[in-house]
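> Encoded as structure tokens, here's the structure I'll be asking about.
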Amino acid sequence: MAPTLDIRPEQAADIAAIARITRLAFDRTNGEEVEMIARIRASPRFIPELSLVAEVKGQPAGHLLISRETLRLADGQPTDHAVLMLGPTSVLPAFQRRGIGGALIRRGLNLCHSRSEPMVTLFGHSDYYPRFGFRFARKFGMLPAWDAAMVYLLRDDLSEFQGLYLPD
């Protein structure tokens with residue numbers, strides 16, 4: 001059962017807690033996700049209202065980041081197509097498997113519906129993210145054709161993106 005949550009945009013005072021949550025949630029990756037969040041936060045790709053913190057009893061317990069990214073051509077060159085990218089999603093190990101990550105994802109996706117981008121992309125577990133409405137990118141002609149490459153549609157027609165690569 002999920003604890004009572006408050007989900008809100010991150011504040012400057014949350015940065016250290018977010019790094020801690022992310023480091024503990026991804027303990028086998030040598031801090032790569034922590035560094036990625038810092039790079040995105042310092043770039044024009046950062047969307048403050050889409051960096052969400054989940055609090056349990058007033059303490060940060062989870063974090064979700066959705067940033068602005070660009071689809072690429074086969075040679076790696078960027079296109080003019082801006083999309084949103086979900087990730088990483090982090091929950092303190094003591095609070096995992098209680099619905100916090102799912103609540104963050106649902107809130108983040110709901111906020112994305114008011115934006116002008118066509119989709120939310122991610123590379124994630126193919127048995128987890130479809131429950132939130134993510135579909136395999138290859139079904140829309142997008143690449144790479146891996147199961148981990150997924151999209152969440154914010155509009156019906158994605159045909160103009162066929163042959164393009166998701167951001168990584």
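Just so it is clear, none of the values below were taken in a lab; they were calculated from the coordinates. In this text the structure is predicted, and so the values were computed from the model without any measurement. Backbone-built Cβ (ideal geometry, glycine too); neighbour counts: all protein chains shown.
> How many residues, within region 82-119, are within 30 Å of Gln162 (Cβ to Cβ) and polar (S, T, N, Q)?
Number of matching residues: 4.
> So is Ala42 hydrophobic (A, V, I, L, M, F, W, C), out of contact with any helix residue (DSSP H, G or I) (no Cβ under 6 Å at 6 or more places or on another chain), without any contact (Cβ under 8 Å) to a residue 12 or more places away in the chain and closer than 25 Å to Leu166 by Cα or not?
So Ala42 fits the description; yes.
> Looking for whichever is surrounded by 15 or more Cβ atoms within 10 Å (Cβ to Cβ), closer than 22 Å to Arg8 by Cα and out of contact with any Ser or Thr (no Cβ under 7 Å at 6 or more places or on another chain) here; the options are Gly124, Gly102. Which one fits?
Unique residue meeting the criteria: Gly102.
> Being surrounded by fewer than 22 Cβ atoms within 10 Å (Cβ to Cβ) and among the β-branched types (Val, Ile, Thr) is the filter here, so list the residues in region 55-82 that pass it.
Val56, Thr70, Thr79
> Going through region 142-158 one residue at a time, which ones are touching a strand residue (DSSP E or B) at 6+ places or on another chain (Cβ under 9 Å) and assigned to a loop (DSSP other than H, G, I, E, B)?
Hits for region 142-158 are Met142, Pro144, Ala145, Trp146, Asp147, Ala148, Leu154, Arg155, Leu158.
> In region 45-81, which residue that is outside any strand (DSSP E or B) and small (Gly, Ala, Ser) is nearest to Phe161 (Cα to Cα)?
Ala74
This table checks each residue for (1) within 16 Å of the chain's Cα centre (by Cα); (2) under 21 Å from Gly124 (Cβ atoms).
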residue: Asp14; (1), (2): no, no
residue: Asp27; (1), (2): no, yes
residue: Ile37; (1), (2): yes, yes
residue: Ile47; (1), (2): yes, yes
residue: Leu52; (1), (2): yes, yes
residue: Glu55; (1), (2): no, no
residue: Leu64; (1), (2): yes, yes
residue: His81; (1), (2): no, yes
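> Another question, if that's okay. Say whether the condition of being part of a strand (DSSP E or B) and touching a strand residue (DSSP E or B) at 6+ places or on another chain (Cβ under 8 Å) is met by at least one residue in region 12-32.
no
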